[in-house]
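> Just passing along the structure, written as structure tokens.
The values are calculated or read from the model by the stated rules, or taken from the named source; none is laboratory data. The shown structure was predicted, so the numbers you read here are calculated from the model rather than taken from an experiment. Note: areas computed on protein heavy atoms with side chains; ligands, DNA, RNA excluded. Shrake-Rupley method; radii C 1.70, N 1.55, O 1.52, S 1.80 Å.
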Amino acid sequence: MKNYETLVDATNDLLKRGYTANLSFEDGADTIQDKSQNIELGADDFEVDEFYRFEGPSNPSDMAIVYAISSTRYNLKGALVDAYGTYANNSSSAIEAKLHHHQVSDNLKGTDRPTADNA
């Protein structure tokens, strides 16, 4: 994976590499949405290709993860920005579990790393 200085750098590069869908995820939701195309992705409809974690120097609200997500079922690639730490989604949905799957969570450290109790 690449290293980016800022969240904007990561999202701009993903856009250049074809991750054009602007994906969103609401707390407690069972799907990830591409509202512009009226598509809802369930946990079995996508893969997390890459992810990048960012921390603000002093503001906890700046803590975010950018996910590069692809779906062969819907033939789309997009970026999803989600908070972690204090402002993370507190969902127990299948979507949240997939986003915190070992391919992501193995690379998170300390209290940011999901456990069986909070994933």
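> Might you tell me the accessible area per residue for the stretch 1-42, computed with a 1.4 Å probe and given in Å²? Please list the in-between numbers first.
Values: 2770 Å² over 42 residues.
Here the residues of the stretch 1-42 average 66 Å² of exposed surface.
> Same structure again: I need the phi-derived Karplus couplings for the stretch 43-52: 6.51 cos²θ - 1.76 cosθ + 1.60, θ = phi - 60°, integer Hz, Gly and Pro marked x.
Rounded to whole hertz, the list is 4, 8, 9, 8, 10, 8, 7, 8, 8, 9.
> List the residues whose amide H sits under 5 Å from the amide H of Asp49, counting only those 5 or more places along or on another chain, with H placed 1.01 Å from N in the peptide plane.
Here Ala68, Ile69, Ser70 satisfy the definition.
> Between Ala21 and residues 5 or more places away or on another chain, which pairs have amide H atoms under 5 Å apart, with H built 1.01 Å from N, and which residues are they?
The answer is Lys77, Gly78, Ala79.
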